[in-house]
Amino acid sequence: MTRLFNDPRAFADEMIEGFVAAAGRWVQSAPGGVVRSTQADEPTVALVIGGGSGHYPAFGGLVGPGIAHGAAMGNLFASPSSQQVYAIAKAADRGRGVLLSYGNYAGDVLHFDQAQEQLRAEGHDVRTVTVTDDIWSAPVDELHKRRGIAGDLAVFKTAGAAAAAGYDLDGVERIAKHANARTRSFGVAFTGCTLPGASEPLFTVPAGKMAVGLGIHGEPGIDEVDVPTADELAEMFVDKLLEEIPQGVELEGARVVPLLNGLGNLKYEEMFVVYRRVAQLLGEHGLTAVEPEVGELCTSFDMSGVSLTLLWLDDELETLWTAPADTPGFKKGSVAPQRAAAAVVADEVDASVPDASDASREAAHVIGAVLASIADTIDEAADELGRLDSIAGDGDHGIGMQRGSSAGSDAARAAVEAGAGAQTTLTRAADAWSDKAGGTSGALWGEMLRTLGARLGDTDAVSAEAVAEGVEQAKDAVMAFGKAKVGDKTMVDAIAPFADDLARRVVAGEGLRAAWGAAAGYCERAAQSTSALAATLGRARSHGDKSIGTPDPGAISFALITKTVHAVLTQGEQTQTKEQ
Ligand code: ADP
Ligand code: MG
């Protein structure tokens, strides 16, 4: 239970503000998160990490000499937006290139990839290595589908040390991949975490039970067992991790870094009791533990739980793991003196809008009204959307959509007031939506609104055909970007039938309002019928079967939004009829 907060919606921002105030020796605030407040004499490759907030010391707490150069800090448990990652990477690049590294979650991948594309287009040399240490999140032959948990630190620390040692970008990338390939983690939880202002934890574990295979965003475990003794838990951890020794590692005489990580609400003393047995077991297997860590390395808000990570060393990784580091949340040895870095200056925002025709401005008015109405509808539905997402996902779909739609509505209103046309209004709303929402759905909604806007333009009058085509293109964009197909239990299961039905009706000559209304009804049924499916993509994937019987939250919110749009279009029509 989180007790201390002001407005829960401001929690992440206020937390970052306080963190920067407290940790100025290492970090300074920059658009999107933090970068170092110091710099080495010689420019190095920049390691930029990031993720949702709520995992301290990950991610901002790992910025400083020897580890990261910057961290994009998203909202609570929500991936940072591509704008945040872009801004942090740009501020951190000292001309030797940027390695982006973060835990492998669908939302983070979408936003970081988008930022990488933009940075590359502007001439930055950027590479990405995602962390995939959680052995419970996918089978060993699908390593690329695994998510990142406390093993983040093993990858960030060694890659950051390689950068500090002067490795070039190829070298830092190679180390990050190599460290990730040799890092495995196993976690358990005793209670779920409760986000500020929420009345319920994101998941619960029955008294006396332990969830096995937890996620660090409140994703529930894979299995529930009786709470073991400390020694039994240590045995479970070590036995399981030794079943999966990474390729290229000889068990006999191997050297490993054990990281025993508290998830936020477990006593250090309890962890030491567990670690005592972990150390004994590693010794019994002939392994040497090298500079272990016991403590909070990657938390999950106030969740009670613990994970064990093993980083399997070779000589190079050992040199990098034991190299000095000095960050707010992780210290080792003593680093060379650093100079103060120049303060980061934010780019000025250009609020002016491109020229638009009167017809397009009129359409922009309707778009502004539609977005305002969407924000209201989502506000009302947020709790229910969060509940749906907590059954097999991480419970943040409601708050993410709330942040996104409200920012989208504000940006659209500002654009309309400045005289923008349909495309500019939708583009501004898209950028604000994906920036403030974070998460998978934030990136996808940004993509949809942007694509629809591109079809409508700022000069043409908005016709039913243009809208139907724009919606089809938005569907294609979401499918290309998120790689989901119909039947994967995502919002695509609502978008595709909606877009196709709308297009069919418009081609057959129905007016926009009537066609939209009928397609929205069809969409609602399609969204509901995702109940029968098992999730295969996104956060819900590792809990696929748990989601059977519950519709996909992203599909439900999409259907709700199509219904809201129809209501606004109909109101518009009634007003017009009255006026006539
Ligand atoms: P996150 O998954 O990052 O927590 P949200 O909870 O806001 O983001 O959104 C979850 C929704 O995103 C899911 O219910 C699903 O509809 C949608 N989603 C997840 N992955 C994909 C994907 N690859 N393609 C399309 N939609 C997806
Ligand atoms: Mg979610």
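The values are calculated or read from the model by the stated rules, or taken from the named source; none is laboratory data. As the structure is a computational prediction, the values presented were derived from the model and not from experiment. A quick note on method: Cβ atoms are made from the backbone with ideal geometry, for glycine too, and the neighbour counts reach across all protein chains shown. The accessibility values were calculated without ligands, DNA or RNA, using every heavy atom of the protein model including side chains. Shrake-Rupley method; radii C 1.70, N 1.55, O 1.52, S 1.80 Å.
Each residue was assigned an accessible area with a 1.4 Å probe, and for R428 the value is about 80 Å². Adding -39500 (n - 2.57) for every DSSP H run of four residues or longer, then dividing by how many residues the chain holds, sets the calculated 222 nm ellipticity at -15500 deg cm²/dmol. In terms of accessible area, using a 1.4 Å probe and ignoring ligands and nucleic acids, Y167, Y102 rank largest first as Y167, Y102. Label positions at E243 and E380, each projected 7 Å from the Cα along the C-beta direction, are separated by 4.9 nm. For the pair the stretch 202-251 / the stretch 360-378, the C-alpha centres are spaced 48 Å from each other.
Principal-axis analysis of the Cα atoms of the chain puts helix 106-121 at an angle of about 80° to the longest axis. Taking the longest Cα principal axis of the chain as reference, the axis of helix 553-579 is set at about 20 degrees. The distance between label points at E232 and D347 comes to 5.7 nm (points 7 Å beyond Cα on the Cα→Cβ vector).
When only alpha carbons are used to place a centre, the stretch 107-126 and the stretch 7-32 end up 24 Å from one another.
Model label points for D315 and Q473, set 7 angstrom from Cα along the Cα-to-Cβ axis, are 5.8 nm apart.
A Cβ-based charge dipole, computed about the Cα centre of the chain with Lys and Arg at +1 and Asp and Glu at -1, lands at about 220 debye.
Measuring only protein heavy atoms, the 1.4 Å probe finds L202 accessible over about 30 Å². Split the accessible area of the stretch 352-450 by element, probe 1.4 Å, and carbon with sulfur accounts for 49%.
Which pairs break 20 Å Cα to Cα here: K145/K483; K157/K177; K177/K485? Mind showing how you got there, number by number?
Values: K145/K483 13 Å; K157/K177 12 Å; K177/K485 29 Å.
Those over the limit are K177/K485.
If you average the C-alpha positions of the stretch 421-453 and of the stretch 514-538 separately, how far apart do those two centres end up, in angstrom? After rounding, the separation between the Cα centres reads 21 Å.
Return the percentage of antiparallel bridges among DSSP beta bridges fully within the chain, rounded to the nearest 5 %. Taking every DSSP beta bridge with both residues in the chain, the antiparallel ones total about 60 percent. The trypsin sites (Lys or Arg not before Pro) of the stretch 1-81 that meet both conditions, a loop assignment by DSSP and at most 15 other Cβ atoms within 10 Å of the site Cβ, are R3, R25. In terms of accessible area, using a 1.4 Å probe and ignoring ligands and nucleic acids, M479, M210 rank largest first as M479, M210.
Going by alpha carbons, how many degrees (0 to 90, nearest 10) lie between the helix axis of 268-284 and the longest principal axis of the chain? Once rounded, one gets 60 degrees. Which residues make up the longest stretch of the chain clear of GluC sites (Glu not before Pro) that lie in a DSSP loop with no more than 16 other Cβ atoms within 10 Å, not counting the sites? That gives 349-580 as the longest site-free run. Solvent exposure of the chain amounts to 39 Å² per residue of accessible area, where only protein heavy atoms count and the probe is 1.4 Å. Solvent-accessible surface (1.4 Å probe) assigned to T130 amounts to roughly 40 Å².
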